[in-house]
Amino acid sequence: SSHVGSRITQARGSRIFIIVLRRQTAPGNYGAAMDSGAEAQAPKKKEERQRTLRDESCCLGCANLRGLLSSSLKSIQDVKKEAEVENAKFANVTAFLFKVPLFSKLPRHEMPLLASAMTDHVYETGKVIIKQGDDGHEFFLIISGEAVVISNGEEVARLRKGDHFGEAALLANERRNATVQAASQMEVLRLTREEFTKLGLNEKLAFASRRRAVGPGGNDRKIVVKEPTSKTEDQVLLISEALRNNKYLSGVLDETKIKALTEVAWREAVASGEEIIVAGDIKADYFYIVEDGTFEIKVAGEEEGELISQVGDRCSFGELALLYLVPRAATITAMTAASVFVIDRGSFKRILMKATEERISGYVEVLSKVEVLAPLVQQEWLALAQ
């Protein structure tokens, strides 16, 4: 039999082949419609010519079929590769979002919805991403690179991996309160106002008020980072308890991160009357844990400041400005000679952003041995482990 024809149907990411093979009339019946006597008297050359034509037709049909299948199989492989790339990209974005403190209290089952709603964009050095005074329609989350925040012509902050901006205009329907410009090549995730509202992020996420700037920093100053202090078992226990008891960190800390934060902390003495944090300061670079001594906390707004509380050992403060890139909300003053453990902003954010890699690697190893999960690629195992 010879190939007569084929049809190809395409359906969402897959191709279905329908190969139609039809048996030709047998050589003995090829001239059934002709008079048998005339056929018997036909020249031998005519019969040979017909046989040759049939053979050539068969060979041509088979060649066409091989070419068609080869081309279609290559196309299937291309589609599969594209799907694997898209799956890997989606898995990486989802894994990144799980590490961002801002989304720590978002229900886990909603994280893939957020990842699918966001689009990836790259901005070159010097590109203005949002401009002060413009209408705001998008929210941004930095994957890599650095941005400078400019308000009224003055640099007021620097934003880096894991930082976000643009939500103020979406939350209050206001114009942009600052310009954000790429200080290096940047990769960001962008979310439109429509998706932002549809996902209910204005109600589900704790966006702090940014009254003075989009974030802390400014003037590209260098943060002083000291060598970690060696600690006794009692001091390690004190720091660990203070971190666990901090209500703003409860959703983002696990034992691995508590241990890492404890290790990088250094000890400093504070004189009586010294202001360790000043309300309204946008240079929020440190997080503090009280070892001993007493501190008073006064909220900005009143002429003398309103005293709201006093704190002592095993208490901590300063995390909100580091987590949400906002000015300091209160002034904190030592009422007695005191000592504190200090963690710098860079180490604080790096540790909070870092996944528990050893545990995740262990999960991936287990998942890779599960037979029903064998078709998954490495990035999908990683996302599942996360």
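Read the figures in this text as sums done on the coordinates, not as results from a lab. Since the structure is predicted, the reported quantities are computational estimates derived from the model, not experimental observations. As a convention, Cβ positions derive from the backbone with ideal geometry for all residues, glycine included, and neighbour counts pool all protein chains shown.
For the peptides 287-297, 135-145, the ranking by mean Cβ contacts within 10 Å, running from highest to lowest, is 287-297, 135-145. Distance check, please: which entries in LYS89/LYS283; LYS89/LYS349; LYS80/LYS131; LYS161/LYS198 exceed 30 angstrom between their Cα atoms? Violating the 30 Å limit, Cα to Cα: LYS89/LYS283; LYS80/LYS131. The VAL128 and LEU237 beta-carbon pair, evaluated with R₀ = 41 Å, returns a calculated FRET efficiency of approximately 0.25.
Can you tell me how much longer the chain between GLU110 and ASN173 gets when fully stretched, taken as 0.36 nm per residue apart minus their C-alpha distance, in nm with one decimal?
Values: separation 63, 0.36 × 63 = 22.68 nm, distance 2.45 nm.
Answer, rounded to one decimal: 20.2 nm.
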